[in-house]
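Visitor: Structure below; questions to follow.
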Amino acid sequence: MKFHLVSGACGFVGRNTVKQLLKRTKDNIIMVDDLSVGTHPSKWLPDFSSKKIKDVEIIGKEERLFYWKMDFRKFLHKLQENPDWLKNEYGLNVELGDAFHFAAIVGGRAKIEGDPMAVALDLSIDAEFFNWIAKAKPERVLYPSSSAAYPINMQTESDAVALKESDINIDGFTLGMPDLTYGWSKMTGEFLAKIAARHYGISIVCIRPFSGYGEDQDLSYPVPAIARRAARKEDPFEVWGSGKQGRDFVHIDDVMDCMFTAMDKIHDGTAINIGSGKLTSFIDLIKLFSSFASYNPTIKPLIDKPVGVHSRYCDMSFVKERIGWEPKISLEEGMKRVYDVAVENLKRER
Ligand SMILES: NC(=O)c1ccc[n+]([C@@H]2O[C@H](COP(=O)([O-])OP(=O)(O)OC[C@H]3O[C@@H](n4cnc5c(N)ncnc54)[C@H](O)[C@@H]3O)[C@@H](O)[C@H]2O)c1
C-alpha cells in the first residue's frame, strides 16, 4: 500500500499538506511531528477520531493517517536501523510514495534573530532527511527552502528588487549572503537537493515560499496577530520597527497549489519562488485590516523589535514560464479570510 510521508505534519504548512493529500489522493499518509511547535491533529482535522497501536495513532474512519509524535531524526534512525521496522513493529506494508519535509525550527523573526543556534539545528534535521532519501528513494521529494536563502544585500531600503530564482546560483562560483542561520540552512538544503537529484537520481523540487499566511496560522506570526488586533480595534496600533518594511504575502492555498504543480513538473532539484510578486508594507497591511474593521487607528512604531531585511518580494515570471503557474488569491481576498476567522475566534472566546 502506498504511503506518503510528511515530516513536521502538525505545523502550518504540514497540516495544509496533509489535508491536500487526503483530498488529492486515496493513499495513506505517515505523519511525524514532535509537537515542539505544531498542534495535535485532533485540533485541526474535521471529525477527528483515532486509535492507538503502540506509539502510532491511526487517525480517521478511513484509517489513512498514521501519526507518530516523535523527533523526525529518531524516526529516520529507526527506519535506517531496520528497514522492516514499520512492518515488524506495526504490521504496515509500506510502499513509499512522496516525501514532504516540513520538520524544521522556524519560529518567526524573534527566533531567527534571537536564537540563531537553535535555528541552526535545521542543518541536522535536513542532513538526516537527505541521507535517508538517498537510500530510501521516495517517488518524489519536496524540500521547502525559503526566501531567506536570497542575498540580504538585494533587500535593503535603497536596493530592493523583485528576487529572481537566478539570484541564487548554487552551480556558480559566487554566492550571496543569506539571512542568518535560517537562510544558510536553506541554502545548504538546496545544495543537497541538487546532489540528491544528480548523484542519487531522486526526483526533487525545492520551493522558496515568501511570507505564507492563512486562517489557521499560529498567532506568533504577524498576519493572524495583526488580524486579531484589528478585530479588537486596537488603537494605537503597534507595529514592529517603522512598519515601512515590506514582505510578499502569499496565501497558503496558493502555496499548496503551486507546490503540487511543481512536483509534477520539476524533478532535478530546481528551486522556485512562491509568492504574489507584490511588496506590501506592514503599515499597508494594518491599513487593510483596519479597513475591514471599519476604523482608522494611529500607528505606533516599536523600534526596538527585530524586523529583518527591509523589503523582500519576488518575481514570479520563472514560475509562470517553467510550470505555467500564477497566484490566484489576491491580498484583499486572502487577508479578508484571515480577518473573518479572527472575528469568529474572538466571538467564540467571549
Ligand atoms: N510558512 C511559510 O510561509 C514558510 C516560508 C518559507 C519556508 N517555509 C518552510 O516550510 C517548512 C514548514 O514551515 P511552517 O511554517 O509550517 O513551520 P511550523 O513551525 O509551523 O512547522 C514546523 C513543524 O515541525 C515540527 N518540528 C520541529 N522540529 C522537529 C523535529 N526535530 N522532529 C519532528 N517535528 C519537528 C514542529 O513541531 C512544527 O509542527 C519549514 O522548513 C519552513 O522553513 C515556510
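Visitor: Quick one: plug the Kirkwood hydrodynamic radius of region 110-158 (C-alpha pairs) into Stokes-Einstein at 20 °C, 1.002 mPa s, and report D in µm²/s. Spell out each step's value before the answer.
Guide: Details: Rh = 13.5 Å.
It diffuses with D of about 159 µm²/s by this estimate.
Visitor: Name the shape class, rounded, prolate or oblate, that the alpha-carbon gyration tensor gives for region 149-215, where a ≥ b ≥ c are the square roots of its eigenvalues, rounded holds for a/c under 1.5, and otherwise prolate holds if a/b is larger than b/c and oblate otherwise.
Guide: Values: a/c = 2.21, a/b = 1.44, b/c = 1.54.
Cα axes put region 149-215 in the oblate bin.
Visitor: Karplus couplings for region 57-72 from phi (6.51 cos²θ - 1.76 cosθ + 1.60, θ = phi - 60°), rounded to Hz, Gly and Pro as x?
Guide: Per residue, the Karplus-derived 3J(HN,Hα) values read 9, 9, 10, x, 4, 6, 6, 9, 10, 10, 10, 9, 8, 7, 4, 4 Hz.
Visitor: Here is a further query. Restricting things to alpha carbons, find the Rg to Rh ratio for region 183-269 using the Kirkwood radius for Rh. The partial results should precede the final answer.
Guide: Values: Rg = 17.7 Å, Rh = 15.7 Å.
Reported Rg/Rh (Cα atoms, Kirkwood Rh): 1.13.
Visitor: A follow-up question, please. With point charges of +1 on the Cβ of Lys and Arg and -1 on the Cβ of Asp and Glu, referenced to the Cα centre of the chain, which listed residue (S49, I168, P297) lies farthest in the positive direction of the dipole?
Guide: It is S49, whose Cα lies furthest towards the positive end.
Visitor: How many angstrom lie between the Cα centre of region 118-142 and the Cα centre of region 227-248?
Guide: Between the Cα centres of region 118-142 and region 227-248 lies a distance of 36 Å.
Visitor: Highest first, please rank the peptides 160-167, 66-73, 142-149, 113-120 by the mean number of other Cβ atoms sitting within 10 Å of their residues.
Guide: Values: 160-167: 16.8, 66-73: 19.2, 142-149: 24.4, 113-120: 14.1.
Going by the mean number of other Cβ atoms within 10 Å, highest first, we get 142-149, 66-73, 160-167, 113-120.
Visitor: Going down the table (K43/K265; K23/K265; K19/K135; K74/K336; K51/K78), which pairs top 31 Å between alpha carbons? Walk me through the numbers before you get to the answer.
Guide: Working: K43/K265 33 Å; K23/K265 20 Å; K19/K135 28 Å; K74/K336 40 Å; K51/K78 22 Å.
Correct reply: K43/K265; K74/K336.
Visitor: In terms of the Cα gyration tensor, with a ≥ b ≥ c the square roots of its eigenvalues, is region 284-350 rounded because a/c is under 1.5, prolate because a/b exceeds b/c, or oblate? Walk me through the numbers on the way to the answer.
Guide: Details: a/c = 2.57, a/b = 1.42, b/c = 1.81.
Oblate, because a/c is 1.5 or more while a/b does not exceed b/c.
Visitor: Taking the alpha-carbon centroid of each part, what is the distance from region 149-199 to region 266-326 in angstrom?
Guide: Going from one Cα centre to the other spans 18 Å.
Visitor: Also, I was wondering about something else. Rounding to the nearest 20 debye, state how big the charge dipole of the chain is about its Cα centre with +1 on each Lys and Arg Cβ and -1 on each Asp and Glu Cβ. Write out the running numbers ahead of the final one.
Guide: On the way: 47 positive and 49 negative charges, 140 e Å.
That gives the chain a dipole magnitude of about 680 debye.
Visitor: If you count only protein heavy atoms and use a 1.4 Å probe, how large is the accessible surface of T181, to the nearest 10 Å²?
Guide: 40
Visitor: Go ahead and estimate [θ] at 222 nm for the chain from helices alone: -39,500 (n - 2.57) per DSSP H run with n ≥ 4, summed, over the residue count, rounded to 500. Working shown, then result.
Guide: Values: 11 runs with 139 residues, N = 350.
About -12500 deg cm²/dmol.
Visitor: Please calculate how many Å² of accessible area the chain carries per residue, with a 1.4 Å probe and no DNA, RNA or ligand atoms counted. Don't skip to the end; give the middle numbers.
Guide: Details: 16110 Å² over 350 residues.
The answer is 46 Å² per residue.
Visitor: Using only the C-alpha atoms of the chain, find the volume of their convex hull and express it per residue in Å³. Working shown, then result.
Guide: Working: hull volume 47.7 nm³, N = 350.
Enclosed volume per residue, from the Cα hull, is 136 Å³.
Visitor: Oh, and also: Ignoring any ligand, DNA or RNA, what whole percent of the accessible area of the chain comes from carbon and sulfur when the probe is 1.4 angstrom?
Guide: Working: 8390 of 16110 Å².
Ligands and nucleic acids excluded, carbon and sulfur give 52 percent.
Visitor: So between R350 and K328, what do we pick up on full extension, going 0.36 nm a residue minus the alpha carbon distance? Let's see the in-between values first.
Guide: Values: separation 22, 0.36 × 22 = 7.92 nm, distance 3.45 nm.
4.5 nm is the gain from fully extending R350 to K328.
Visitor: Let me ask another. Treating the beta-carbon of each Lys and Arg as +1 and of each Asp and Glu as -1, no other charges, what is the dipole magnitude of region 183-286 about its Cα centre, to the nearest 20 debye? Don't skip to the end; give the middle numbers.
Guide: Numbers: 12 positive and 14 negative charges, 69 e Å.
Its charge dipole is roughly 340 debye.
Visitor: What base-10 log of the normalised intensity I(q)/I(0) is obtained for region 1-102 from the Debye formula, alpha carbons as equal point scatterers, at q = 0.10, 0.21, 0.23 Å⁻¹?
Guide: For region 1-102, the Cα-only Debye profile gives -0.23, -1.15, -1.43.
Visitor: Residues with amide H under 5 Å of V239's amide H, sequence separation 5 or more or different chain, H placed in the peptide plane at 1.01 Å from N; which?
Guide: Close amide H contacts, sequence-distant or interchain: K300, L302.
Visitor: Counting only protein chains, not ligands or nucleic acids, how are W132, W184 ordered by accessible area (probe 1.4 Å), most first? Don't skip to the answer; put the middle values down first.
Guide: On the way: W132 15, W184 110 Å².
Largest accessible area first, the list is W184, W132.
The values are calculated or read from the model by the stated rules, or taken from the named source; none is laboratory data. Since the model is a prediction, treat every value here as computed from it, not as a measurement. No Cβ is skipped: glycine too gets one built from the backbone with ideal geometry, and neighbour counts run over all protein chains shown. Just the protein is used for accessible areas: all its heavy atoms, side chains included, with ligands, DNA and RNA removed. Shrake-Rupley method; radii C 1.70, N 1.55, O 1.52, S 1.80 Å.
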